[in-house]
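Okay, so here's the structure we're looking at.
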Amino acid sequence: MAIQNILVVDDSPTDRQHLFDMLTKSGYHVATAENAEDAMARVKQLKPDLVLMDVVMPGQNGFQATRMLTRDDATKHIPVIICTSKSQETDKVWGMRQGARDYVVKPINATDLLAKISALG
């Protein structure tokens, strides 16, 4: 299944806008959420083809949200790519253990992210 609809989850308005612009210019339909709680509701409402998940957010963090999405029968088929400033190898391993399909460190390299999205589709 080709990826067309992407949900960007990030508490930073700047990062959200950067990803929104990058992805829409590449032809994707993009929705956004400001936190994990909002993301859970938006995923169930919009049923995106992919979720790009920040980790460090107020309230529930992106690792917790990824775990919830990838373990819920209604959403486990939706791949999650973690997009975060957390660059330690232990963070990447932990993110993948929560069910993420890939892990990208900020600042986001557009070519790399688009290649990872394409590989999922």
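We did not get these values from a lab; they are worked out from the coordinates using the rules stated. Everything quoted here is computed from the prediction, not taken from an experiment. All Cβ positions, glycine included, derive from the backbone under ideal geometry; neighbour counts span all protein chains shown.
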GNM result for the chain, Cα springs below 10 Å: residue of 84, 66, 14 fluctuating most strongly: 14
Counted charge near residue 112, where neighbours are those whose Cβ lies closer than 15 Å (Asp, Glu -1; Lys, Arg +1): +3
Using distinct alpha-carbon pairs, which all enter the 1/r mean, Kirkwood radius of the chain in Å: 13.9 Å
Ranked 102, 38, 21, criterion: other C-beta atoms within 10 Å, fewest first: 21, 38, 102
Residue order, fewest to most beta carbons within 10 Å, for 25, 92: 25, 92
Per-residue Cβ neighbour rank within 10 angstrom, fewest leading, 24, 90: 90, 24
Gaussian network model of the chain, Cα within-10 Å springs - most flexible of 65, 36, 110: 110
